[in-house]
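Down below is the structure, laid out as structure tokens.
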Amino acid sequence: MIKVGIVGSEGYAVGELYSLLIHHPDVKLEIIYSPSRQGMCVQEVFNDLHGLRSLTFSGNPDFDGLDVLFLCIASGSSRAFLEAHPIPDSVKIIDFSREHRHTDQEDDAYVYGLPEAYRRDLTQTTRAAVPGSFAIAVETPLIPLAKHMLLNSELHAYSVAGKTETFARSKPDKGLDYDVIFDTFQVNQPLGHSHVSEIKTTLADLQKSFKQEVNLIPLRGGFNRGLYTTTYMDTSLELGQIREIYENYFEDHSFVRLVDRYPDVRDATNTNNVLIHLSKHQNKLLIVSTMDNLMKGAAGNAVHIMNLMCSLVETTGLQIKPSVF
């Protein structure tokens, strides 16, 4: 069994990760470290976990003997945490914060955790950084085009997130609120979201000639969970050629599906899947995709990364039916 620990207790993504790990057939969850909640049961924070195996939050940072440690603390604090709590070299680290994504530091051995692009690298590393959810939503459907040097025009993306995205990652000064953002629709950091630089770096790494502008409009929808993304660009290729490129590339990737109709956001809810629909509109290629922001956008992707790092079948613990009704 793989012995696993979690650092952090804030955010829906932590609850989702906890649930995935206690159901994972090859994992034993040993510790969930959160000094601020020391002594509390996990179910006291995450009400949807009642009836499942319960752990008590620990205030003792003893990570010896672990195989994998998930860092689920606020972005900007993981480096400080690791400096204050030296982790044995034998422990694999999967970091949810943005600090270790595409860094230029020579001593930074973190692999960018986008399995559809960096699967082989993830099987050979002991350190991985979970990408941002908007970044995953935009990047994943563009990988085949980047790999074929076909991203040669400005990109325009609109990505609508469910209400859980607001509290998906740790926010020490805020608790979970199950009633926020219903019956609203808001723009969120248009054309200046922090994930844009992450997207551009990834695409430039996959297609060395990529220097195009990425225009991202993140939005908050009134639904519960999910990310619904539309991206369009100029291309002279016929739809059949594009479809063949996508089918060939994603053929051996377990969590990406091409669909023949515009997907519904619920089609991927509670799964680690990305559903992609392709269409041509004169000289424009339109890519419509949907995924679950807490699964593929956070906890599910992190477990996928762990499976690869630990030489497991990549779908282990992630074969879940979508909640469409």
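Give me the extension gain from Y262 to N47: residue separation times 0.36 nm, minus the current Cα-Cα distance, reported in nm with one decimal.
Values: separation 215, 0.36 × 215 = 77.40 nm, distance 3.35 nm.
Here the answer is 74.0 nm.
The range 113-158: percent of C-alpha pairs farther apart than 13 Å? Write out the running numbers ahead of the final one.
Working: 644 of 1035 pairs.
For the range 113-158, the share of Cα pairs beyond 13 Å comes to 62 percent.
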For V27, residues with placed amide H under 5 Å, excluding near neighbours: I2
What does the charge dipole of the range 186-325 about its Cα centre add up to, to the nearest 20 debye, if the Cβ of each Lys and Arg holds +1 and the Cβ of each Asp and Glu holds -1? 380 debye
With every protein chain kept in place and a 1.4 Å probe, the chain has an accessible area per residue in Å² of 43 Å²
Got a sec? Charge dipole of the chain, +1 on Cβ for Lys and Arg, -1 for Asp and Glu; which of S90, Y232, T164 is way out at the positive end? Y232
Computed label-point distance, nm, for sites A109 and R243 using a 7 Å Cα→Cβ extension: 4.6 nm
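Order Y228, Y118 by their accessible area, 1.4 angstrom probe, all chains in place, largest first. Display every interim value, and only then the final one.
Working: Y228 60, Y118 25 Å².
Result of the area sort, largest leading: Y228, Y118.
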Nearest 20 debye, what's the magnitude of the dipole of the range 1-136 about its Cα centre given +1 on Lys and Arg Cβ and -1 on Asp and Glu Cβ? 300 debye
Expressed as an acute angle from 0 to 90° and rounded to the nearest 10, what is the orientation of the C-alpha long axis of helix 300-309 relative to the principal long axis of the chain? 80 degrees
Whole-Hz Karplus couplings 3J(HN,Hα) for the range 277-283, θ = phi - 60° and coefficients 6.51, -1.76, 1.60, Gly and Pro as x, run 10, 10, 8, 10, 10, 6, 9
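How many percent of the accessible area of the chain is carbon or sulfur, using a 1.4 Å probe? Kindly include the intermediate steps, with their values, before the conclusion.
Details: 6710 of 13860 Å².
Carbon plus sulfur share of accessible area: 48 percent.
What is the gain in length, in nm to one decimal, between K208 and H281 on full extension, counting 0.36 nm per residue of separation less the C-alpha to C-alpha distance? If you can, show how the numbers build up before the last one.
Values: separation 73, 0.36 × 73 = 26.28 nm, distance 2.73 nm.
In short, 23.5 nm is gained.
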How far, in degrees from 0 to 90, does helix 195-206 lean away from the longest principal axis of the Cα atoms of the chain, to the nearest 10? 70 degrees
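Report, in debye and to the nearest 20, how large the dipole of the chain comes out about its Cα centre when Lys and Arg carry +1 and Asp and Glu carry -1 on their Cβ.
Values: 29 positive and 40 negative charges, 97 e Å.
Computed charge dipole of the chain: roughly 460 debye.
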With the Cα gyration tensor of the chain in hand, give its eigenvalues times 5 under a square root as the equivalent ellipsoid semi-axes, listed largest first in whole angstrom. 32, 22, 18
Equivalent ellipsoid dimensions for the range 171-325 as semi-axes, Å, which come from the Cα gyration tensor, largest first: 26, 22, 18
With axes computed from alpha carbons, what is the tilt in degrees of helix 239-250 against the longest principal axis of the chain, rounded to the nearest 10 within 0 to 90? 20 degrees
To the nearest 10 Å², what's K284's accessible area with a 1.4 Å probe? 80 Å²
Calculate, in nm to one decimal, what S90 and S197 gain on full extension: separation in residues at 0.36 nm each, minus their alpha carbon distance. 35.3 nm
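The values are calculated or read from the model by the stated rules, or taken from the named source; none is laboratory data. Source: prediction; values computed, not measured. FYI the Cβ positions are ideal-geometry reconstructions off the backbone, even for glycines, and counts take in every protein chain you see. Side chains included, ligands, DNA and RNA excluded: accessible areas come from the protein's heavy atoms. Shrake-Rupley method; radii C 1.70, N 1.55, O 1.52, S 1.80 Å.
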